[in-house]
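One structure below.
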Amino acid sequence: MPYQRDYETAAIRVHWESSRCIHTGVCLRTLPEVFDTRRRPWVDIEAADVDAIAGAVERCPSGALRYQRLDGGRGEEPQRPTIVVPIENGPLMLVGDLDVRDADGQQITRETRLTLCRCGLSRNQPFCDNSHRRRGWQSGPTTSGPSARLPPPDEGAAERPTEIVAKRDASLQLRGQLRIHHSDGERLADTSQALLCRCGHSGHKPFCDGSHQLAEFTSSPPEIPRQRLTADTPAAFTANPGVPEPEQFNG
C-alpha cells in the first residue's frame, strides 16, 4: 500500500501520496516554510495561512499533493477545458476534471492534476514514476500532423469530466473538452477525443500510431518499489525539475 499522509489543522487537510510524487520541487520553491524535505515531518501545516497552503498545493503537477478545506473556504476548481501537455522527455501532464479508468472501465481515480507515463517504463502505470529519467528516455519531437484528423471540440462536454482510459497494452484514450499543447506552451489542438501514446515508441508523439504493437508494450499492474512505498518525504525520489507548473498552461 502506498505511503499516504495527511497534515491537518482546523482549516485545511493536506494529503500527500508517495507513489504519485515525482519530486518536481514546486512545493518546496513555492512555500519553503511549509514544505521542506530536510525536516521530519516534511510538511509543517502550521507555518502559513490556509490560502497560501491551498495555492501551493494547486501548483503540484502530479497531484501527489491534494487538499480539502475544512473552514468552508473555496476548494480547488477544475480547469476547463482540460489541458494536456506532453512534457519533453517526460510525462503527460493533465489539468482538469480528470476521471481515470482502467481498461475494464473501473475508476482508478478522479482528480484535478496528473502526470501520466508516456515512456512505457513506469512501474506505477498509468502514472509517471520518473522511470523516464532513470532510463534516459528521449521523447523526440512533438508532431502536429495527426491533429488535423482529430474531431472538433464538443462544447457540450465542457461541464463533464474528461474520461481517461488506460487501454490494456495500448494507448491512453481521452474523451472530453481537450486542449492539447506542445511542451513549450504552443497550442497543438482543441478536440473532443484523442488517442495518446504511452508506450514511448510512437513516431507521431504525443499521438498513438500503433507502435505499441510492434514494441510489444505491456501495461502490467503496478509494482511500486518499496523505497517509494515507504518514503516519508519526496527526498528519496529522483528529482524531476523539468515538469512545469500547471498554471503556466491555464486558459
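Return yes or no: is ARG149 free of Cβ contacts under 8 Å to residues at least 24 places away in the same chain, among the basic types (Lys, Arg), surrounded by fewer than 20 Cβ atoms within 10 Å (Cβ to Cβ) and closer than 19 Å to GLY203 by Cβ?
When the stated conditions are applied, ARG149 passes them.
GLU245 - would you say it is touching a Lys or Arg at 6+ places or on another chain (Cβ under 6 Å), modelled with pLDDT under 95, closer than 15 Å to CYS117 by Cβ and acidic (Asp, Glu)?
no
Looking at PRO221, PRO146, PRO152, which one is more than 22 Å from GLN248 (Cβ to Cβ) and not in a loop (DSSP other than H, G, I, E, B)? Full working, then the answer.
Details: PRO221 fails: not in a loop (DSSP other than H, G, I, E, B); PRO152 fails: not in a loop (DSSP other than H, G, I, E, B).
Of the residues listed, the single one that is more than 22 Å from GLN248 (Cβ to Cβ) and not in a loop (DSSP other than H, G, I, E, B) is PRO146.
Filter segment 207-242 down to the residues that are at pLDDT 90 or above, buried (at least 18 other Cβ atoms within 10 Å of the Cβ) and among the polar types (S, T, N, Q) and list them by number.
SER211, SER219 - these are the residues of segment 207-242 that are at pLDDT 90 or above, buried (at least 18 other Cβ atoms within 10 Å of the Cβ) and among the polar types (S, T, N, Q).
Residues are listed down the side, and each one gets a yes or a no for (1) among the charged types (D, E, K, R); (2) closer than 24 Å to PRO225 by Cα; (3) not in a helix (DSSP H, G or I):
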site: GLU46; (1), (2), (3): yes, no, yes
site: PRO61; (1), (2), (3): no, yes, yes
site: TYR67; (1), (2), (3): no, no, yes
site: GLY73; (1), (2), (3): no, no, yes
site: PRO78; (1), (2), (3): no, no, yes
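For segment 6-20, give me each residue that is touching a Pro at 6+ places or on another chain (Cβ under 9 Å) and within 16 Å of THR112 (Cβ to Cβ).
Those that are touching a Pro at 6+ places or on another chain (Cβ under 9 Å) and within 16 Å of THR112 (Cβ to Cβ): TRP16, GLU17, ARG20.
Among residues belonging to segment 162-193 that are in a strand (DSSP E or B) and of a type in the set (Lys, Arg), point out the one that is surrounded by the fewest Cβ atoms within 10 Å (Cβ to Cβ).
Looking at the filtered set, the residue picked out is ARG187.
Mind checking whether some residue in segment 199-206 is outside any strand (DSSP E or B), in contact with a strand residue (DSSP E or B) (Cβ under 9 Å, 6 or more places away or on another chain), crowded, with 17+ Cβ neighbours inside 10 Å and not polar (S, T, N, Q)? Explain how you work it out, then say what you get.
First, the residues of segment 199-206 that are outside any strand (DSSP E or B): 199-206.
With the extra rule that they be in contact with a strand residue (DSSP E or B) (Cβ under 9 Å, 6 or more places away or on another chain), the set shrinks to 202, 205-206.
Restricting the remaining residues to those that are crowded, with 17+ Cβ neighbours inside 10 Å gives 202, 205-206.
When the remaining residues are screened for being not polar (S, T, N, Q), the result is 205-206.
Looking for residues that are outside any strand (DSSP E or B), in contact with a strand residue (DSSP E or B) (Cβ under 9 Å, 6 or more places away or on another chain), crowded, with 17+ Cβ neighbours inside 10 Å and not polar (S, T, N, Q), one finds at least one in segment 199-206, hence yes.
Could you check how many residues of segment 129-138 are over 17 Å from the mean Cα position of the chain (by Cα) and either assigned to a strand (DSSP E or B) or not basic (Lys, Arg) (or both)?
The number of residues fulfilling the criteria is 3.
Taking the conditions exactly as written (within 17 Å of the chain's Cα centre (by Cα), within 20 Å of ASP104 (Cα to Cα) and buried (at least 18 other Cβ atoms within 10 Å of the Cβ)), does LEU196 satisfy them or not?
So LEU196 fits the description; yes.
I'd like to know if segment 112-121 contains one or more residues that are surrounded by fewer than 22 Cβ atoms within 10 Å (Cβ to Cβ) and under 10 Å from the mean Cα position of the chain (by Cα).
yes
In the list ARG110, ARG118, which residue meets the criterion of being modelled with pLDDT of 95 or more, among the charged types (D, E, K, R), outside any helix (DSSP H, G or I) and in contact with a Lys or Arg (Cβ under 6 Å, 6 or more places away or on another chain)?
Within the list ARG110, ARG118, the selection yields ARG118.
Of the numbered conditions (1) buried (at least 18 other Cβ atoms within 10 Å of the Cβ); (2) closer than 23 Å to PHE249 by Cα, THR109 satisfies every one except a single condition; which is it?
(1)
Which of the residues belonging to segment 8-34 are within 20 Å of the chain's Cα centre (by Cα) and in a strand (DSSP E or B)?
VAL14, HIS15, TRP16, GLU17
The values are calculated or read from the model by the stated rules, or taken from the named source; none is laboratory data. In this text, all values refer to a predicted model and were calculated from it rather than measured experimentally. Positions of Cβ are generated from backbone atoms using ideal geometry, with glycine treated the same way; all protein chains shown enter the neighbour counts.
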